[in-house]
Every structure is written in structure tokens, then in C-alpha cells.
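Taken together, the values in this text are just the output of simple stated rules run on the coordinates, not laboratory data. Small disclaimer: the values here were computed from a predicted structure and weren't measured. Ideal geometry is used to build each Cβ from the backbone, glycine not excepted, and the neighbour counts take in all protein chains shown.
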Amino acid sequence: MGTTDVDIVIAGAGAAGLAAAAAAADSGASVLLLEAHETFRSGSNTSMSTSMIPAGGSRWQKEAGIDDSPDLLYGDIMAKTKGKADPVVARALSDVSPRLVEWLADDCSVPLELVTDVWFPGNSRLRHHCVPDRSGRTLHRHLLDAVSARSQVTLVVPSRLTGVEEAKDVLRATATRPDGSQDVILTNSVILATNGFGANEEMVRRYIPEIADGLYHGGDGSLGDALRIGESLGTDTASLGAYQGHGSVASPHGVLLTWTTMMSGALLINSDGQRFQNETIGYSESAVNVLAQPGSVAWAVFDQHIHEKAEPFADYQDLLTMDAVKWVDDVETLASWIGCAAEDIGQTLNTARRSALDGSEDPFERSNWAHTLEPPYAVVKVTGALFHTQGGLMVDENGGVLRDGSPIPGLYAAGGAAVGVSGDSSYGYVSGNGLLSALGLGLLAGSAASARLVG
Ligand SMILES: Cc1cc2nc3c(=O)[nH]c(=O)nc-3n(C[C@H](O)[C@H](O)[C@H](O)COP(=O)(O)OP(=O)(O)OC[C@H]3O[C@@H](n4cnc5c(N)ncnc54)[C@H](O)[C@@H]3O)c2cc1C
């Protein structure tokens, strides 16, 4: 290889970039980690997340007696996407998942624990690992600490990767500062960890028009830079219509109401006092269903039991602080809060109650009720939102970016920059696969990029 300024340039200091940086440094590489946005500690997608990382067969699962494996995780991903997830990436992420969570805990000191009190849509096993306060900001802080502790990594903020060119057997990366001044860096490898294009309105309208008018509730740095850079190099792309949506973001607060509420028995009711979907389908595909209701809003209705299930989530605590969770004693007050007729919502609650108690058929085919609601009722007004896009640059099992089906030497992508494992729309998103793609491909790409040096 030719002379370089640094072994690896990584763009983006979210979960993908930080995992890649730590993994590459541990294999002895020198890393320049560029982060474009000074707000990344609170404004990256990772810091906005609830820190749920799925794994199939971790030591925590074994200790809890949960029989899981990479094969089962792979099967769940394929089932939810109706076979449309990229099989190579899905296989690689499923296989690396137990090693990933153990590496995060042991080598990066991320205090992970297994979630045993909540089932997430699309997962046949209890397999989510998270930090104790279930806050992405805490996860992000631990990842940043892990990278700061590695002297081979230099983090530069703000500095945006604006171009990558192939130059004989090295890559030429261009980093641009906010004042427009630029550095050109010669490097062996570039890892694109810049997330997707959710914050780029024009791209969202072009690739995912169905969610373009919904709320955007994701990182402000997700401007589609990986796609732009990939395009300049002629890379392959896939699944650009795939995304993680969410059907319960409190409105107008713009804070997530955890889907744990739905999985524990909550109902989604529109301004006519009617339900409109099975609340236990994925939260991702629920976004467009909520946006299709009058005023593009709905009300999540639950009770004390479900409130207690949501309490461990940092986002839910934020909602309580913001007074976004209203309590009403009876159906009449609930109706006046929502603005519908008491008879209508009364009938809706009764029908749901009957299905929950005696198993009578639900018009929306909900079979998992978990719990029947008891007054007083908690009510939160919600809307549908886009959280992040899941399509991106085609990669191989190491995160190597493909052009005409073959890896471009030294170019990698991870997280929202790369093709995800959600198929081609919103329904394929299995809870936790955003961070699995970010951290998993980050670990694989960081290791592969440093292995090239030895090679
Ligand atoms: C409310 C919410 C809850 C969620 N909860 C979960 C969850 O519990 N589990 C789960 O799996 N997923 C969850 N997700 C999805 C998850 O957040 C993302 O899939 C994941 O964080 C993406 O990580 P990333 O590293 O690819 O992107 P990010 O974390 O967004 O990091 C990308 C970074 O790149 C920077 N950047 C962009 N362009 C450039 C450039 N050209 N040069 C340099 N830097 C650049 C950005 O500023 C940003 O800091 C959630 C999302 C939201 C919004």
C-alpha cells in the first residue's frame, strides 16, 4: 500500500462510527474519526434511541434460561421482512450479535443488561440488551468514553467528510470544516458511518414519499452524505424505500411514547373514538396508519398497570415531566379529552375488553391483549414519525461497499449509511435492528479495515 496520513478515516460518531473506531483501534490501526455536527451527543440518531440491541444467544440470555441463537434471530428478520432482507447482511449481523453485546460490555465497558419485562414486535425471544436507563444518550456516552480511552483514535468535531476518491492503492478523503476550509487525507480505508437521509427532505420525498409529510424524529445529521459519496464512486445501493417509522410519538411534544405501552395492552384511538389497527403490529408500519387518521393524530389509551411498565424508559420519564400523560377517571372524561362521542369510545373500549377477556374475534385481528384496561385511563396524543432510513450502500458481510457486486478496496459502510435488514418498506423493521446494523457492521467493518493493513 502507498504512504498514508492515517490508517483509517471514519465519518460519523454515532453507534456505527464509534464501534468501528474502537474495533479498529483494538487491532492496532490509527483512526481519524470525523464528526460533522457539534450537536452529535444529543442529536445523533444513536443518542435519541432507547438503546435496545438485539442478540441471539448472549451470555445474559443463557443465564436467564432463554434459548436463543443467531439462527433464530435470522429467522425472525426474514419472517418480518417476508424474505426481503439482504440475506448476506442479515446472516452476518445475526452471527455477530452475541459477540457484539459481549464485546460492548467487556471491551467497551458499556453496562448492558437483558430486558426481560418487555416484548418487542417481530422478536420471538427476549433478546434486547440495553443500558439501565434505556437511554440512547447514555449508550452514546459510554461508546464515546470507550473511544476516548483509545489513544490511536483522534476525534475531530466539527468536520464533515465531503468526498472520497480512489487514488492508486489508497483512498483520498476530503474533510470540510464549517468555514469551508478543507483537508485532504490519504488513507488505506474509509468507513462511512454517516447514517441515512432522514433529515434530507428532498431525498425522503424522492425515495419514501409515503412518510414525507410525517414528523421527522431522527438525527439532524442524517443528510444522505454516504449516498452522495457512494454515487460519486458508482457504488451499488439497495432498499432505499426502507425505513423505521413510529406510530406513537407524543404530539406536539415530539418525544417517543414507548411501544411497550401497546405490547402491554394499550389501545390507539382516533378522534372519532375508533380503533384503526392491531396495536401489536410493529411500531414502524404503524406510522402511516396513524398519519392516515383525521388530523394525522391518534390517542394512546392505557392505565396504571401499563404506566408502570413504561416507567423504566427515560423517554417516558420525559413525557411525565412534560405533563404529556393525562389521567382521566372515566369514559365520559376520556371522550371529552379526545373530542369524540362518549358512546363511540365507550363501545370501542367494550369491544376491545370483550376480545381481551373471552378471546372473541377482534375486528383488527389483535390476539395479544396482555391486559384489560381499568380506569383511571392514561391518555397521550400521538402522531406518526420517521425515525431513520434503512436503505443505503450495498455491503458484503464485512461492511465492504460493493460496486457492480464486488467490494471497492478499502471502502466500508455501517449503520444507516449501509443497506439495512428491513427489506424495502416500513413493515420489515424488527425492533432493535437499527442499532444492530450500526454496532454490528461497525464492529465488522472496523475489524476488516484493520485486517487489510496486516494483509
Ligand atoms: C427515538 C428513537 C428511538 C430508537 N430506538 C432504537 C432502539 O432502541 N434500538 C435500535 O436498534 N434502534 C433504535 N433507533 C434507531 C437507531 O437510533 C439508529 O438506527 C442508529 O442509531 C443509527 O446509528 P448510526 O451510527 O448509523 O447513525 P447516527 O447515530 O445518526 O450517527 C451518524 C453520525 O454521523 C454524523 N455525520 C453525518 N454526515 C457526516 C459526514 N459527512 N461526515 C462526518 N459526520 C457525519 C452525524 O452528525 C451523526 O452524528 C431509534 C431511533 C429513534 C429516533
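Going highest first, how would you order 234-241, 423-430, 409-416, 435-442 by mean Cβ packing within 10 Å? Can you show the working numbers first?
On the way: 234-241: 18.2, 423-430: 24.8, 409-416: 29.4, 435-442: 31.5.
Result, highest mean Cβ count within 10 Å first: 435-442, 409-416, 423-430, 234-241.
Scanning the chain for helices, which whole DSSP H stretches are 27 Å or more long along the axis (Cα) and average -1.0 or more by Kyte-Doolittle? Can you show the working numbers first?
Numbers: long enough: 87-107 (29 Å, 0.23).
Going by DSSP H runs, the hits are 87-107.
Each Lys or Arg adds one and each Asp or Glu subtracts one; over the other residues with Cβ under 11 Å from the Cβ of residue 412, this totals 0. Using a simple spin-label model with pseudo-atoms 7 Å out from Cα toward Cβ, residue 236 and residue 145 lie 4.1 nm apart. Evaluated with a Cβ-only charge set (Lys, Arg +1; Asp, Glu -1), the chain carries a dipole of roughly 700 debye about its Cα centre, given to the nearest 20. Taking a point 7 Å from the Cα of residue 318 along the Cα-to-Cβ direction, the residues of the stretch 256-277 with backbone N closer than 17 Å to it are 256-261.
Beta carbons within 10 angstrom, averaged per residue: use that to sort the peptides 8-15, 177-184, highest first. Don't skip to the end; give the middle numbers.
Working: 8-15: 32.1, 177-184: 10.5.
Those peptides, ordered most packed to least, come out 8-15, 177-184.
Give, in nm to one decimal, the length gained when the segment between residue 228 and residue 327 is fully stretched (0.36 nm per residue of separation minus the Cα-Cα distance). Could you put the intermediate results ahead of the total?
Numbers: separation 99, 0.36 × 99 = 35.64 nm, distance 4.75 nm.
Stretched out fully, the residue 228 to residue 327 stretch lengthens by 30.9 nm.
Counted over all Cα-Cα pairs of the stretch 1-78, pairs farther apart than 21 Å make up 53 percent.
Cross-link check: pairs 62/309; 82/381; 84/309 evaluated at a Cα-Cα cut-off of 29 Å; pairs beyond the cut-off: 82/381; 84/309.
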